[in-house]
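Here the structure is laid out as structure tokens; the discussion comes afterwards.
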Amino acid sequence: MRLKRRLAPLLAATGLLAATLPLLAAAPASAAPEPEYLNQKPEWHRCRSDRPAAYECATLKVPLDYRKPDGRMLDLAISRLRSENPTARHGVLLLNPGGPGVSGIYRPLKMNELMPREVRDRYDLIGFDPRGVGDSSPITCGLTDAERKDERPYHPETFPEEVAWARTVADKCREKAGDVLPHITTRNTARDMDTIRAVLGERKISYVGYSYGTYLGAVYTQMFPGRTDRFVLDSGVDPKRIWRGMMQVWATGAKPAFDRWTVWAAERSAEYGLGDTPEAVSATFWGLVARADREPFLFHGEEVTGDALRGDPVMFFAPREASSVVRGLKAAAEGTTPAEGAPVRDARALSAGADPDAAGPSADAGPQSAGDNSTAVIWAVTCGDTGSWPRYTEQYERDAARDKVRYPLYGDFASNIKPCAFWDRPVEAATPMTKPAGVLTVQNEWDSRTPLASGQGLHDALKGSRMVLVEGGEGHGVYLSRPDACANAPVNDYLITGRLPSKDVTCQNPPRDIERDETLAAPSRAPLP
């Protein structure tokens, strides 16, 4: 998620040509020819025989480098479900489930199931695999399983190995995809979105983006403000934190979540047996970390180390699940089983495989490219979006050592060296957030992947935006995450009418019956937000 590219103005695409012509009275008033790729017509077809006939797919061609519109092209896989009520139709609604590196081609199917009819009638739902992902000219770095692992703690004696890992990943990505890699960025994906708009014949687009999709949506509002319609940005990425700062906020955000959990668990000491004061609960957890450092133990068939425990701050944002996990860990370490009758969940937060970037209703069951496609795109975007990554290994070592002490939950993982230290310099600078953007941001108070400080940063950066904050809300992804979510109503109203709330909205979800709710999963973690 890092991007560094020189601003490449596209006169026709950005509207700068029209603004310049009045100043050139002596010049002929002829307009620049429209790039050929904007004249293509999607060849829609049924996506799959086991999917509804109304669910259509097509492949567009987009420039690898928008500064060279007649040069090499990439495939861009798109999909749609059309509005069934043409008289109520407002336009197109592009959808992004998060990422980077996450397929969005099947997103219309899920949103179609969950959106209320009054919203659904107003839009053709448009999904797409972002460039480099899935069916959109996927990239690879040829990484081994070990090289794909990026949750790496700091230890002075192993830091040279981490430097070697980061350099190897950067070198292999450059070798395998060096000609494409510099162009797999958020700004170019935003340009792809505008190409979708133009090819579909729309004057503006509306949009619902989760997690990383909030940053993608925010960048679009700044690059194409005149083509931005109704934008919902759910679980916000702070534009000022891209992208090292977004990793570090997982550590700073974990501290208040951990403290909240210790209070919650202490109040239920009879049920979970983790301690009858917050201090005792904290001591139980850190005692497990010390024990696992000395002698790793098995939990659900997997070896648990102290680093593994410290490297999973996500679970503490959901106190009930955290309590079940820590109780299970304590029993595993002691060679016992939890008390009979206690509500233990099979919460494998330490080895969860789900991707929280597919936020909101659920992960998409989109096409999964073999190998390291997702990892390759993660590093391409992370390293290519901004030039703010430190270039000296010594700084990473100092920061990781410092943050291991300041934030023992994940601090050194976040600040340790990354491949971006050895990445080629970005072509463009990161997108400044200077233009007003009348969008709706949505945020849970206790979001583990984009903590509240990040969501508030996005809201503050987009002047003119409104925020719907779910007080006490847990989980990554708000809109349509549950049928009775209090944020659904203001989001639906905005998508129907185009009117933002007159001021920021704070609401609370109704209580849910945890014991009966089979949809509530243990929190999971993924390499990047």
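The values are calculated or read from the model by the stated rules, or taken from the named source; none is laboratory data. Computed from a prediction, not measured in an experiment: that's the story for all the values here. Every residue, glycine among them, receives a Cβ derived from its backbone with ideal geometry; neighbour counts consider all protein chains shown.
Just for helices (runs of 4 or more DSSP H) wholly inside segment 99-204: which have at least 3 residues that are touching a residue at least 40 places away in the same chain (Cβ under 8 Å) and more than 22 Å from the chain's Cα centre (by Cα)?
The qualifying helices (runs of 4 or more DSSP H) are 159-177, 186-199.
Look at residue 219 and say whether it is in a strand (DSSP E or B), among the hydrophobic types (A, V, I, L, M, F, W, C) and crowded, with 19+ Cβ neighbours inside 10 Å.
No; evaluated as a whole, the condition is false for this residue.
Filtering segment 482-503 down to residues that are touching a Leu at 6+ places or on another chain (Cβ under 7 Å) and in a helix (DSSP H, G or I), which residue is nearest to residue 88 (Cα to Cα)?
Residue satisfying both the conditions and the ranking: 494.
Go through the residues of segment 336-353 one by one and say whether even a single one is in a loop (DSSP other than H, G, I, E, B), in contact with a Ser or Thr (Cβ under 7 Å, 6 or more places away or on another chain) and at pLDDT 55 or above.
No: zero hits.
Among 76, 60, 95, 64, which is touching a helix residue (DSSP H, G or I) at 6+ places or on another chain (Cβ under 7 Å), of a type in the set (A, V, I, L, M, F, W, C), over 22 Å from residue 36 (Cα atoms) and surrounded by 15 or more Cβ atoms within 10 Å (Cβ to Cβ)?
Result: 95 is the single residue among 76, 60, 95, 64 that is touching a helix residue (DSSP H, G or I) at 6+ places or on another chain (Cβ under 7 Å), of a type in the set (A, V, I, L, M, F, W, C), over 22 Å from residue 36 (Cα atoms) and surrounded by 15 or more Cβ atoms within 10 Å (Cβ to Cβ).
Which one of these is of a type in the set (Ser, Thr, Tyr), buried (at least 23 other Cβ atoms within 10 Å of the Cβ) and at pLDDT 95 or above: 140, 185?
185
Quick one: which of 309, 298 is touching a residue at least 24 places away in the same chain (Cβ under 8 Å), on the phi < 0 side of the Ramachandran plot and not in a helix (DSSP H, G or I)?
Going through 309, 298 in turn, the sole match is 298.
Does residue 486 qualify as being under 21 Å from the mean Cα position of the chain (by Cα) and at pLDDT 95 or above?
Judged against the criteria, residue 486 is not a match.
Exactly one condition in (1) within 30 Å of residue 378 (Cβ to Cβ); (2) at pLDDT 95 or above; (3) of a type outside the set (A, V, I, L, M); (4) surrounded by fewer than 17 Cβ atoms within 10 Å (Cβ to Cβ) is not met by residue 477; state its number.
Evaluating residue 477 over (1) within 30 Å of residue 378 (Cβ to Cβ); (2) at pLDDT 95 or above; (3) of a type outside the set (A, V, I, L, M); (4) surrounded by fewer than 17 Cβ atoms within 10 Å (Cβ to Cβ) leaves (4) as the failure.
Tally the residues that are touching a strand residue (DSSP E or B) at 6+ places or on another chain (Cβ under 9 Å) and of a type in the set (S, T, N, Q), restricting the search to segment 63-96.
Of the residues in segment 63-96, 3 are touching a strand residue (DSSP E or B) at 6+ places or on another chain (Cβ under 9 Å) and of a type in the set (S, T, N, Q).
Residue by residue, here is whether (1) of a type in the set (Val, Ile, Thr); (2) closer than 25 Å to residue 216 by Cβ; (3) at pLDDT 95 or above holds:
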site: 363; (1), (2), (3): no, yes, no
site: 367; (1), (2), (3): no, yes, no
site: 374; (1), (2), (3): no, yes, yes
site: 407; (1), (2), (3): no, no, yes
site: 430; (1), (2), (3): no, yes, yes
site: 435; (1), (2), (3): no, yes, yes
site: 438; (1), (2), (3): no, yes, yes
site: 441; (1), (2), (3): yes, yes, yes
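What about residue 460, is it part of a helix (DSSP H, G or I) and either surrounded by fewer than 23 Cβ atoms within 10 Å (Cβ to Cβ) or of a type in the set (Lys, Arg) (or both)?
Criteria met by residue 460.
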